[in-house]
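Heads up, the thing below is written out as structure tokens.
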4 protein chains.
Amino acid sequence: MRVAVVGATGYTGLELMKILVAHPKVEVTMITSETYKGQAFSQVFPAFRGVYQETLKGLIPEALASRAELVFLCLPHGSSMKVLPALLDTGLKVIDLSGDFRFKDPKVYETWYHMGHEAPQLLKDAVFGLPELFPATIAQARLLANPGCYVTGVVLALAPLLKARWIYPTPIFADCKSGVTGGGRKPSQRFHFPECNESLTPYSIGQHRHQPEMEEALGAFAGTKPQILFSPHLVPMNRGIISTVYTRVREEKAQVLSLEDVHELYISFYAPCPFVRILPLREMPNTHDVRGSNFCDIGLVWSKRTGTLVIASALDNLVKGASGQAVQNMNLMGGFPETIGLLRPGEVI
Amino acid sequence: MRVAVVGATGYTGLELMKILVAHPKVEVTMITSETYKGQAFSQVFPAFRGVYQETLKGLIPEALASRAELVFLCLPHGSSMKVLPALLDTGLKVIDLSGDFRFKDPKVYETWYHMGHEAPQLLKDAVFGLPELFPATIAQARLLANPGCYVTGVVLALAPLLKARWIYPTPIFADCKSGVTGGGRKPSQRFHFPECNESLTPYSIGQHRHQPEMEEALGAFAGTKPQILFSPHLVPMNRGIISTVYTRVREEKAQVLSLEDVHELYISFYAPCPFVRILPLREMPNTHDVRGSNFCDIGLVWSKRTGTLVIASALDNLVKGASGQAVQNMNLMGGFPETIGLLRPGEVI
Amino acid sequence: MRVAVVGATGYTGLELMKILVAHPKVEVTMITSETYKGQAFSQVFPAFRGVYQETLKGLIPEALASRAELVFLCLPHGSSMKVLPALLDTGLKVIDLSGDFRFKDPKVYETWYHMGHEAPQLLKDAVFGLPELFPATIAQARLLANPGCYVTGVVLALAPLLKARWIYPTPIFADCKSGVTGGGRKPSQRFHFPECNESLTPYSIGQHRHQPEMEEALGAFAGTKPQILFSPHLVPMNRGIISTVYTRVREEKAQVLSLEDVHELYISFYAPCPFVRILPLREMPNTHDVRGSNFCDIGLVWSKRTGTLVIASALDNLVKGASGQAVQNMNLMGGFPETIGLLRPGEVI
Amino acid sequence: MRVAVVGATGYTGLELMKILVAHPKVEVTMITSETYKGQAFSQVFPAFRGVYQETLKGLIPEALASRAELVFLCLPHGSSMKVLPALLDTGLKVIDLSGDFRFKDPKVYETWYHMGHEAPQLLKDAVFGLPELFPATIAQARLLANPGCYVTGVVLALAPLLKARWIYPTPIFADCKSGVTGGGRKPSQRFHFPECNESLTPYSIGQHRHQPEMEEALGAFAGTKPQILFSPHLVPMNRGIISTVYTRVREEKAQVLSLEDVHELYISFYAPCPFVRILPLREMPNTHDVRGSNFCDIGLVWSKRTGTLVIASALDNLVKGASGQAVQNMNLMGGFPETIGLLRPGEVI
């Protein structure tokens, strides 16, 4: 498949390029960047010298349509919705990695992104790209909204339990810890090495835009919309998210529940999903085991005393949390095997 | 005051030495180490060359008693209880940084530390050394049990709310993230640089020995013993703990509560406490602001929608979480101003 | 090609496995470990769950010979020479990643490794596996000695200049800085996270075993054995080596030399080498551009004032400095394209 | 002594404030910042809450003169020379931490800083503030030019040998590795956490402004101006510089030299200097042993084979390399004991 990457010089673009240049079914025929157009990709990222030689172009929908069948849109929130309609009009399929098309209701978008939506007519047809939950609709999608990094980790942690109705849907506490690449490539005081290094902090508790996205995705899947209190934390490392999710088991269920029951539920639920690994009983996930890979690892704890199930998931925010998942979606949309081009182990070191 | 440090070559011993050599009211007259006895402290830690020249000795209670009035015991759990009775018998005051004397009931110790207690007769007189909660008894203590690092962060986060009875005492979720010095100085695969670096993981959820310690301290202070589900996480940095604590507000209170109310409660509660800093509204703590200092910073979030108060505290696990707090306790026990030798800002960088 | 990995659970073994499981021409048919035999590789490294399922075996030469054509030996120095003769006797080709077969003269080995050589009869046939310098002999090798990580970076930096005889062969200063994975997987105080993190130190200046290896390889290639003073440094990061090499230009040459001349020399020398990237004039290499890749990047500085040429090379110590280079050698020995299975860009982030 | 800090919100200002607020002979009576004036220092750096309450003012020389006897100038290069004459005119003593007054010849400044010097008349009276070399003139200084961080490490490494004339003064290779705080507080792509973390790179080899500064300071001290090729490297950690300096011993000296001779030379040379620690034979310095301290640790290697002496020094770039040294200079200028307020051990962890 011939594909293009729009906005190839941010971190999701960079990560996508790493995956795509090695993907056996893909040819990257065009890449764009407003900031760097005219430069070779390998000038912006010297790491690509000797691997990929193309030059960055400006964004012209017709040019993209003439060279590619599918476009990955790696633009900031607010920019995607400006260019996406024209891209769809050319007949291109689009995988959008921004937050612009992840909500059905433009009002929700406006509340959480603090701007009006400029293409609300497309929202109803946009498919939410979490392949473990919505594989069938993804395979048919023309406009795919790739989920947020935190969202992927929390939704995968909760989906089996919510679907089985073993837990109360509200409140759920999602305490998430992310590496710094999640903040993007733009320098700022907060991400300045000396102040970010050896530093740990919570931020935007209950106010992060991924919170309503988690709720909407889980509601759509499980039929009941949960209320999640989402607490993100910034951790001084490059990649990886641990989501530690606290849920209360329904009283009648709690009396009979065993950890083995929960483990079996998860094993069975994710049996068809090659990228979700349910860890053996009593093992906890570690970001280094998923680093650079498209896996999401899940560990489980049952605290009978407090009636609480804790689900801990680990993923690489740039791979399963962004670009790897985008390629997984592309595989489904293109009719390829789901794992093709994506089956690497975590890096460990 | 003449003091001695027993077990001076672990991380709490090292940190204590940094504070004590600069303390205007203290002379460190003796230091001991079984592993390194006969070596100069500055051979074990070349960082102390030119600052402190003493040689490490073996542990002989009479020798300690002849040279010091107070001993800091920086031994591993299980070792403290073996030597502490003999030290007390000489008339020395003892500040114990291990977990051996933090519980009133030896059965609790045995359950969580998996060994029998060898000096249960001393437990009732041991004073739990959290100066913000128990200043009066600390001032009179002869045997002081210095609290665990996680315990300090969680207890300081919860004490005002539990005392005021604004929240349900159970269940409370304490999601804590700690730097690696919390694991001590002994090398292991888990703390091997390449596998620990760039790696994040939860561990011992609901099973960590600091969980019953939190509950006992808060119960003793507030009159109601809470049930806490404690989830520690290992973060790839040297120092610092963020404790993010989730509590449910009592229903009748929740209807009228504002964030300002909670803020005022904390400001007022901690007004007499020089080392607890309640952050301005909507600010969150950051470990780099407490690094190397004895401060504990606290930020507050009120999620009306879910009826949940989130309290986030930050401290340096080796200072306010261990050796700084031990010196704060020594200051109280010695009749010195509480802040003497301890009033450094956080390091930031 | 069917290959086996002996000693698969150290860092070079782990890195080799990452490359081999994705290599289109290779099937890994057997892996061994004395420490972990009987366990699945994915138990030792959970990162491989869902990717590679084999169980670790004990080392039995006949078993290896019946299942593989080529063996990668990832054993510590001193262990390789004990098992290698028996492996060769079965007809297996062997790529040895230890230092045991890198010197022609067993006395040199004994001087620098402080033990007698147990298979000196094999030294003369062992081929030094630096593909950029010795591609023809490598293609014919049955026993290949894969170079040391530091050696690769310094030798690639110096080879063109020494061959061209533009510099004095003695003394040359090689100031090298390495990430911590170079020290292996065994925990120790020195590599304990809290003491290694945020810490930088030189070690073994003039006494490291890679120093005579650099000299022997360059001597064999250039016809003149240089004298190198090699200074390694430990840097608090996982991967990567920067070698900053200081050479004096021969007086007559210095008067006419320009940086452009040197640049052209390097470009031309490395034109046939897909994994050496000579950077544009005045650019310096960065470990993040080679991280996870088999590239070695080289930058050049000409200080006319002091008559000194500085060559700075960057590589990933576990890839081009160890396991990637081993696979590059395997590609040559197996008659495959040199880059197959190895052409990934550096990771950057 | 009443002192003021101008430009208190950069990293050297921040570090200076940490030292000064704990200095028993100092009261910080005024702090200024153009960017943050009107804000409390503890708003800019919340780490100082509870420790220091003053508000940042604008820079008005008369106001400074009315409240302080000595001013620390922590402004960027180019800004210091604009305000310094007016400050001196008020009678204030000034310690300038920028590079503006470190050269005697304004042409050297103009060549390396690429701007004209605006107060050349002051250069001849400015005293270069390296207390180990120039204690007498420092004690009398009214305008003190505090040395660069790299300069301090390299000059302390070389001074004894150059003075003793045991080595050839040219060429000398100074391969230095610095933590990221050396680059200042301003965010940029290069210092963006994800690209700086796990990344190592040389930069500005032979072109850094500290190179002529090293040569001038050593020339002034030893009577012979050396030629140094200075190679800085950026290391992914916050603080610390290792300078590994390569020098050739004069031929006649080399034949009789022993490492012990060199060691004695350094011990004797630095005997009066409380902040220089000559390590025991065959020990190498480590940045973690000087972190947060004003010490400079020095280790020595004698390579008889190549006739080369290697000197490795370690210091904290923000303390002995900047603000600690500024306070050491202030101590001398104020007639205080040299070590007062500065005698902390390195942090180790």
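Throughout, read-outs are computed from the coordinates displayed, never taken from laboratory work. The structure presented is a predicted model; accordingly, all values stated were derived computationally and were not measured. Cβ coordinates were reconstructed from backbone atoms using ideal geometry, including for glycine residues, and neighbour counts include every protein chain displayed.
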Inset, instruction - Report the net charge of residues surrounding D:Gly324, where surrounding means a beta-carbon distance below 12 angstrom and charges are Lys +1, Arg +1, Asp -1, Glu -1. - result: +2
Inset, instruction - First measure r as the distance between the Cβ atoms of C:Ala22 and A:Arg2, then evaluate 1/(1 + (r/R0)^6) with R0 = 25 Å and state the FRET efficiency to the nearest 0.05. - result: 0.60
Inset, instruction - Quick one: work out Rg over Rh on the C-alpha atoms of the range B:193-268, Rh as Kirkwood radius. - result: 1.08
Legend entry - At 7 Å out from Cα toward Cβ: A:Glu252 inter-copy label distances (nm, ascending): 3.1, 9.9, 10.2
Inset, instruction - Within the range D:8-46, which residues have the backbone N less than 12 Å from the label spot 7 Å out from D:Thr55 along Cα→beta-carbon, could you tell me? - result: D:37-41
Inset, instruction - Rank these for me by crowding, C:Val155, B:Val28, going from fewest to most other beta carbons within 10 Å. - result: B:Val28, C:Val155
Inset, instruction - Could you check what % of the DSSP bridge pairs in chain B are antiparallel, to the nearest 5? - result: 45
Inset, instruction - Quick one: compute the contact order of the range C:2-125, relative version, from alpha carbon pairs under 8 angstrom and 6+ residues apart, as a percent. - result: 23
Inset, instruction - Obtain the nm distance between the two label points defined at A:Ala136 and D:Tyr203 by a simple spin-label model: each point lies 7 Å from its Cα along the Cα-to-C-beta direction. - result: 5.5
Legend entry - Whole-number D in µm²/s for the range B:2-125 (Stokes-Einstein; Kirkwood sum over Cα pairs; 37 °C, 0.692 mPa s): 219
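Plugging the Kirkwood radius over Cα pairs into Stokes-Einstein for the range B:150-316, at a temperature of 4 °C and a viscosity of 1.567 mPa s, what D comes out in µm²/s?
Estimated diffusion coefficient is 79 µm²/s.
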Legend entry - Label 7 Å beyond Cα on the Cβ vector: C:Leu281 copy-to-copy distances, nm: 5.1, 6.2, 6.9
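Out of all DSSP beta bridges in the range B:150-316, what portion is antiparallel? Express it as a percent rounded to 5.
Within the range B:150-316, antiparallel bridges account for around 70 percent of the total.
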Legend entry - Translational diffusion of the range D:68-143, µm² s⁻¹ [Kirkwood Rh, Cα pairs; Stokes-Einstein; 25 °C; 0.890 mPa s]: 194
Inset, instruction - Let me know the mean shielding of C:137-150 by other chains, meaning the per-residue number of their Cβ atoms within 10 Å of its Cβ. - result: 0
Inset, instruction - Give me the compactness ratio for the range A:99-148, meaning the Cα radius of gyration over 2.2 N^0.38 Å. - result: 1.14
Legend entry - Estimated Rh, the range A:251-294: Kirkwood, alpha-carbon pairs, angstrom: 12.3
Inset, instruction - Send over the semi-axes of the range A:14-58's equivalent ellipsoid, whole angstrom and largest first, taken as the square roots of 5 times the C-alpha gyration tensor eigenvalues. - result: 17, 12, 8
Legend entry - Neighbour net charge for B:Pro171 - beta-carbon separation under 12 angstrom, K R +1, D E -1: +3
Inset, instruction - With runs of 4+ DSSP H residues as the only contributors, calculate the mean residue ellipticity of chain B at 222 nm using -39,500 (n - 2.57) per run, divided by the residue total and rounded to the nearest 500. - result: -8500 deg cm²/dmol
Inset, instruction - Report the closest approach of any chain D C-beta to the axis of the D-to-C rotation: residue and distance, in whole angstrom. - result: D:Asp175, 2
Legend entry - Distances in nm from C:Arg305 to the matching label points in the other copies, shortest first (labels 7 Å along Cα to Cβ): 3.2, 6.2, 6.8
Inset, instruction - State, in angstrom, two size descriptors of the range C:59-204 derived from its alpha carbons: Rg to one decimal place and Dmax to the nearest whole number. - result: 17.7, 51
Inset, instruction - Would you mind giving the mean number of other chain beta-carbons within 10 Å of the Cβ of each residue in D:277-285, as a whole number? - result: 3
Legend entry - 10 Å binning of all Cα-Cα separations within the protein assembly as shown, expressed as whole percents from 0 upward: 2, 8, 16, 20, 21, 18, 11, 4, 0, 0
Inset, instruction - Could you compute the FRET efficiency for B:Glu118 and C:Thr90, with r as their C-beta to C-beta distance and R0 at 51 Å, rounded to 0.05? - result: 0.30
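For the range A:265-345, how big is the tail of P(r) above 22 Å, as a whole percent of Cα pairs?
Values: 979 of 3240 pairs.
The answer is 30 percent, as a whole percent.
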Legend entry - Separation of the C:Leu281 and D:Glu252 label points, Cα + 7 Å toward Cβ, nm: 4.5
Inset, instruction - Provide a whole-number value for the mean count of partner chain Cβ atoms within 10 Å of the Cβ atoms in peptide A:186-192. - result: 6
Legend entry - Relative contact order of chain D, defined on C-alpha pairs under 8 angstrom at six or more residues apart (%): 17
Inset, instruction - Provide the packing ranking of B:308-317, D:297-306, D:77-86, i.e. peptides ordered by the mean count of other C-beta atoms within 10 Å per residue, highest first. - result: B:308-317, D:297-306, D:77-86
Inset, instruction - For each pair in D:Lys124/D:Lys163; B:Lys57/B:Lys177; B:Lys186/C:Lys57; A:Lys37/A:Lys186, compute the distance between the two Cα atoms and list the pairs where it is over 26 Å. - result: B:Lys57/B:Lys177; B:Lys186/C:Lys57
Legend entry - As computed over chain D, the Cα convex hull volume per residue (Å³): 133
Inset, instruction - Starting at the first residue of the range D:237-247, write each ³J(HN,Hα) from the Karplus equation 6.51 cos²θ - 1.76 cosθ + 1.60 with θ = phi - 60°, in whole Hz, x for Gly and Pro. - result: 8, 6, 9, x, 10, 9, 10, 10, 10, 9, 10
